[in-house]
């Protein structure tokens, strides 16, 4: 080895041992009152590059060029460059810029969008988990009672189906979830994903293990769960997410070839997320989203074309209905709590998709018409709700299960 | 909107397809990369070479242009051409055309030259590259290539080259170390050190 080679090797070893070289980016979960915009630059398709010293297969020169453009854009429009993340699924490089007080957010977004250097620009939007406080206690899992989960699990457990859960942090050490996560990633900040209530409950409802250690049984206890932390627990009662954290997690879920993406959240219509939802749909990924009861059209992403909207009560918009009240679910720290909201109705439907897909991998479940619901009689309580067994039978005629008409029902 | 990037690098050697073109000596290089924004791209490069029978390092310059597209499934494809010229040794100038497919972490290309390194040989070069991101800013990568002479006086046995290495990126700098190996000695390349079969190569690149 030449002396120069040895010196460069020493420098490389220092780089390896010093993660402090990582550039410090601002936490995208900013304080109140600070507005952020997302600016999308064109990300060229990867291609041949000359290198006098071949082996450089990364897009370092391209990234440097875009960083220069983003810095110039920020300077020209009076904003501060904070962070960036490539979205090859959309062919864009996404830059986060902070808007100082004194500048109107709408004007900044409009001017950035008009700049010929950008593909588009949008404000950073905030999304929230759709859970509400339990009003009373129920001792049983409504979904288990309604769908006779144990019998259903003799036919299908969702084995091999990949469900991406974009939510707050999941408690990976909870007895009901230990060993159930194929992925456990944090797209909010650079720490290990923490255990947070909304994400833990959603993941537990979808796929808690069916063993002695778990006091609840997930709808799809053998599905592969991809826990992608794109939201954070702002307070005991509020879970928040934003366009950037959700987009990063969507980008990952798509490239990780998820079969289902669960979005138990709602917020304003978002251009970046809308395009990612379309990209997911183009690749055959089914997105399940909770209906926002406060929004007349069901909110976003539930109202986005191609997304399967789920509510816990009958709605004016086309949506599936699943139990969403007082569902026992894992809570951070190893215990359980009762949760309510369309968030958890959506989680149940994601689990059911996995049960169907294990037996019928190509079943087209993206339309509400593919799902069978309970008739109005004999039980009024379950009328209009999804009938899991009948839906399974519709998707794969080889199924032998019966939608048992029970006279005793918690419903 | 078009994007232009410049990078400058210093390497312990100028290694090309497994062959040292700078007689095992450190080489500086400059690259210009231009992306039109509609799939078309072009680049220019300059580097140092120390060729056979020359007593000093001289310059190698190259240009390439091509078109690359990314499909909805995530796979990409491209085609293009390169031209390489050598100051002081224009007899070695040559051109190539290529086509390739690209995945998220890998790419494969096939190159054809009607007159490889000016040696009156028609050649095909096939390569496969893979880069795997590790924690934070680190990666490892591997490369395999095979050069096949289609016609001409030269040896018809394919010349294989392999490289495996790791790299680290911090800010605008990129540091890379790799082990390069070839299957046999070959005098097709007009390199001063054509009989060197393997080497460590380290490089530091600054991108602007």
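Numerical summary
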quantity: Whole-number percent relative contact order across the stretch A:273-345, with pairs defined as alpha carbons under 8 Å at least 6 apart; calculated: 24 percent
quantity: Shape category assigned to chain B from the gyration tensor of Cα positions, a/c cut at 1.5; calculated: rounded
quantity: Per-pair calculated FRET efficiency, R0 = 56 Å: residue B:73 and residue B:187 via Cβ, rounded to 0.05; calculated: 0.80
quantity: Quotient of C-alpha Rg and 2.2 N^0.38 Å, computed over the stretch A:214-267; calculated: 1.31
quantity: Fewest-first sequence of B:69, A:288 by Cβ atoms within 10 Å of each Cβ; calculated: B:69, A:288
quantity: FRET efficiency, 1/(1 + (r/R0)^6) with R0 25 Å, evaluated for residue B:1 and residue A:305 via beta carbons; calculated: 0.25
quantity: Förster radius 30 Å - calculated FRET efficiency between residue B:157 and residue A:255 (Cβ-Cβ, nearest 0.05); calculated: 0.15
quantity: Residue B:146 paired with residue A:237, simple spin-label distance in nm, labels 7 Å along Cα-to-beta-carbon; calculated: 6.8 nm
quantity: Rounded D (µm²/s) - the protein assembly as shown, Kirkwood Rh over Cα pairs, Stokes-Einstein at 10 °C, 1.306 mPa s; calculated: 59 µm²/s
quantity: Test item: B:33-42 mean partner chain Cβ contacts at 10 Å; calculated: 4
quantity: Cα gyration tensor shape for the stretch A:239-361, rounded if a/c is under 1.5, else prolate or oblate; calculated: rounded
quantity: Relative contact order, percent, chain B [alpha-carbon distance under 8 Å, six or more residues apart]; calculated: 18 percent
quantity: The stretch B:1-105: C-alpha gyration tensor shape, a/c 1.5 cut-off, then a/b vs b/c; calculated: prolate
quantity: Exercise: per-residue mean of other protein chain Cβ atoms within 10 Å, B:1-13; calculated: 6
quantity: Tail weight of P(r) past 28 Å, computed on alpha-carbon pairs of the stretch A:122-281, percent; calculated: 20 percent
quantity: Extension gain, residue A:155 back to residue A:368 (0.36 nm per residue minus Cα-Cα distance, nm); calculated: 74.4 nm
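Any read-out appearing in this document is the output of simple, stated calculations on the displayed coordinates, not a laboratory observation. All of these numbers come straight from a predicted model, not from anything done at the bench. Neighbour counts are summed over all protein chains in view; Cβ atoms, including those assigned to glycine, are modelled from backbone coordinates with ideal geometry.
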